[in-house]
Structures are given as structure tokens and as C-alpha cells.
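**Q** Just dropping this structure here.
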Amino acid sequence: MRATAGLNPAVAAGVGRTALLVAAARAIETHRPDALAQDPLAEHFVRAAPASAGWPVRPEQVPAGEADPLWGRLGRYFGLRTRVLDDHLLHAARQGVRQVVLLGAGLDCRAFRLDWPPGCVVHEVDTAGMLTFKQAVLDRAGAAPAAGRRVLPADLRLDWSEALPAAGFDPAAPTAWIAEGLLLYLPAAAERRLVATIDRLSAAGSSLAYEVKPGVEAQRVRAGPVYAAARQRAGIDLLALFDGGPRPDTAGELTARGWTVTTRTPYDFTAVHGRGPRPEPNDALAANRWCFATLPRLPSGRGS
């Protein structure tokens, strides 16, 4: 299938290309017989961008299967992460939360592909270029959201605290926040501002799920097959995109603000689901942590 002409080229470079990488992984996951997550729109994004038009979108297009470091191991990591965060959001919705914010939403289609209860609204926050490309592909695919959907073009490194309520977000209502694959790219100061903004806009009963990669990896890990394959075969130097400065203690800062934080490894969820990436020598994924924070409904004096 040829790349779709005339679409915004912003996804062809930098962090935008990583969104295509994750979309390809979701497309492959969707077609696995033991799929952890389903995203039938993902392959449309991959085929629409010239940078990714030749990438695989189905398991049979990956000759080495799960042994392939890029489309197998890293791809399965993204599939597992998608499932875990999907479950987190749907659990919040079952608990009565009707407001979701996807920070750095990228090419994810949760507003379209999840079974939302009536009344749910999904806010997608990302750069204008990303959202323009995404909408063009969704329109061509004839996609209709399964929840209310609002998009907000914003640079998450800057102040977006007033723009989100202006776009219809209600700070008095509990919110399920997701920062999927976002904090790794932010400078420490921007991460702290983001956390402070989330806290300021969160009513009691809100939750936040996010991914971090604390510490500096050993050189042998940095030269390992996952990062090397991403550079050589997808043209994405993930290590160059990750912010290289010391990371803040976001879990500690949230705890100090009254949140309850649980930190897990991806391999915890591999064990839960019986599939997904497993530890290996010189493991590029071993430092990754998935964190889940909740703001208690009653004690803090916030709205319930």
C-alpha cells in the first residue's frame, strides 16, 4: 500500500517517528493470535506516512517473529504497555470516572477502540502537527469515536494548564490521566511542571499512569539489539531522543502531594498475562518502570 499523499509531514522526524513505531507495534499486536490489545486503526497511520510506509504491520511480515529485537521484543513491549494502560483506564471508568486525558496522545486511538461507558470524554493533548496528521488519517478511514473526543494542540514542555479547561476539561471532576511514553523525552524541569499541573487540575478520585526510565543505563545495554535495531531499521535513535539529564523523583513528588503511587516493572505484567517481553542479558527494557498514582477520594479537601 503506498503512502498517503498530502498528509502533514511532522510525524516523519524526531519524537513523531516514535509514534509511528508504536503504531506499527500495535498493528502487529492486533493481528497476533494471542493479541494483548486491539487497534485496527494503527496500520492506517503506518501506511499513511512515507517514513513508515514499508514497515511491517502484521506478524507474518516479521520473519524472526518475537525473536526480532525491534518488531518482536520491543513491539511486544508496546503491545503489553497498551493493554496495561487500557485496563487502567477502563477500571477508572468502571469506578465512575468519566474524564480521561491522554498527555502526548500520539497516534493512539483509545477514544475509538475501547468500550467506554456512556458519558465518557477523552481529551487528547499533543503537538498541532501530530494531531493534524492523526485527524487526516482518521477522516480517510471513516473512524467514529466511541466516546466524546476533544483534541488540544499543546507543547507539554510549556504551560498548558489554562488551555485544557478552555477546551472543555472540568478540574472539579475526577480524571484518569495517561502519560504513555512521554516523560522519557522531557527535561527534568518540564516533568516537574507537568506533574504540578496534573496535581493542580486533579479532583479527588483522579488517577495517573505514566512510564519512567530512572538511572543511566550501562554502555553494553545502550549498544544492545533493541536500540541498535531501532536506529538501523527504523531510523530512530531512541537514546538521542530520551532526555539525558538526571531524572526527578516523580513518584516521591506525587506522594508528597497526597497521591498514592505504585511502581511496577513490565515483567510483572508479562507474568500476569502470560505473554510479553521477558528479561534477557544486557536488557534495554529492564530499567523501565510503569507507575500508577491515585488521589484518594475523601481526605485531601479536594472535590470528591
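The values are calculated or read from the model by the stated rules, or taken from the named source; none is laboratory data. Please read all numbers here as calculations on a predicted model, not as lab measurements. Every residue, glycine among them, receives a Cβ derived from its backbone with ideal geometry; neighbour counts consider all protein chains shown.
**Q** Restricting attention to region 39-61, report how many residues are surrounded by fewer than 18 Cβ atoms within 10 Å (Cβ to Cβ) and part of a loop (DSSP other than H, G, I, E, B). Break it down stepwise before answering.
**A** If we filter region 39-61 for residues that are surrounded by fewer than 18 Cβ atoms within 10 Å (Cβ to Cβ), which is where we start, we get 40, 50, 53-54, 58, 60-61.
Those left that are additionally part of a loop (DSSP other than H, G, I, E, B): 40, 50, 53-54, 58.
Residues that pass the stated criteria total 5.
**Q** For a quick check of your reading of the model, give me the residue pairs whose first member lies in region 113-129 and is in a loop (DSSP other than H, G, I, E, B), whose second is buried (at least 21 other Cβ atoms within 10 Å of the Cβ) and not aliphatic (A, V, I, L, M), with beta-carbon atoms closer than 8 Å and at least 6 apart or on different chains.
**A** From residues that are in a loop (DSSP other than H, G, I, E, B), the pairs are CYS120/GLN99; THR127/GLY16.
**Q** Does any residue in region 60-76 that is of a type outside the set (Val, Ile, Thr) come within less than 7 Å, Cβ to Cβ, of a residue that is surrounded by fewer than 14 Cβ atoms within 10 Å (Cβ to Cβ) six or more places away or on a different chain, and which pairs are these?
**A** LEU70/ARG233; GLY72/ALA64; GLY72/GLY65
**Q** Does region 280-296 contain any residue that is surrounded by fewer than 15 Cβ atoms within 10 Å (Cβ to Cβ), under 26 Å from GLY96 (Cβ atoms), modelled with pLDDT of 90 or more and not hydrophobic (A, V, I, L, M, F, W, C)?
**A** Looking for residues that are surrounded by fewer than 15 Cβ atoms within 10 Å (Cβ to Cβ), under 26 Å from GLY96 (Cβ atoms), modelled with pLDDT of 90 or more and not hydrophobic (A, V, I, L, M, F, W, C), one finds at least one in region 280-296, hence yes.
**Q** Please find, among PRO171, PRO165, the residue that is surrounded by fewer than 16 Cβ atoms within 10 Å (Cβ to Cβ) and either touching a strand residue (DSSP E or B) at 6+ places or on another chain (Cβ under 9 Å) or at pLDDT 95 or above (or both). Break it down into steps so the answer makes sense when it comes.
**A** On the way: PRO171 fails: surrounded by fewer than 16 Cβ atoms within 10 Å (Cβ to Cβ).
Sole residue among the options that is surrounded by fewer than 16 Cβ atoms within 10 Å (Cβ to Cβ) and either touching a strand residue (DSSP E or B) at 6+ places or on another chain (Cβ under 9 Å) or at pLDDT 95 or above (or both): PRO165.
**Q** With respect to ALA141, determine if the residue is modelled with pLDDT of 95 or more, more than 16 Å from ALA179 (Cβ to Cβ), over 16 Å from the mean Cα position of the chain (by Cα) and not hydroxyl-bearing (Ser, Thr, Tyr). Write out each step before concluding.
**A** Working: modelled with pLDDT of 95 or more: yes; more than 16 Å from ALA179 (Cβ to Cβ): yes; over 16 Å from the mean Cα position of the chain (by Cα): yes; not hydroxyl-bearing (Ser, Thr, Tyr): yes.
It is true that ALA141 is modelled with pLDDT of 95 or more, more than 16 Å from ALA179 (Cβ to Cβ), over 16 Å from the mean Cα position of the chain (by Cα) and not hydroxyl-bearing (Ser, Thr, Tyr).
**Q** Okay, next question. What single numbered condition from (1) in contact with a strand residue (DSSP E or B) (Cβ under 8 Å, 6 or more places away or on another chain); (2) charged (D, E, K, R); (3) free of Cβ contacts under 8 Å to residues at least 24 places away in the same chain fails to hold for ARG247?
**A** Every listed condition holds for ARG247 apart from (3).
**Q** Could I ask something else about it? Just to be sure I understand, how many residues within region 78-98 are among the acidic types (Asp, Glu) and either over 25 Å from THR18 (Cβ atoms) or at pLDDT below 95 (or both)? Quick ask: steps written out before the conclusion?
**A** Taking region 78-98 first, the residues among the acidic types (Asp, Glu) are 86-87.
Now drop any that are not either over 25 Å from THR18 (Cβ atoms) or at pLDDT below 95 (or both), which leaves none.
Looking only at that region, the number is 0.
**Q** Could you run through region 177-203 and say how many residues are farther than 14 Å from THR294 by Cα, charged (D, E, K, R) and in contact (Cβ under 8 Å) with a residue 60 or more places away in the chain?
**A** 2
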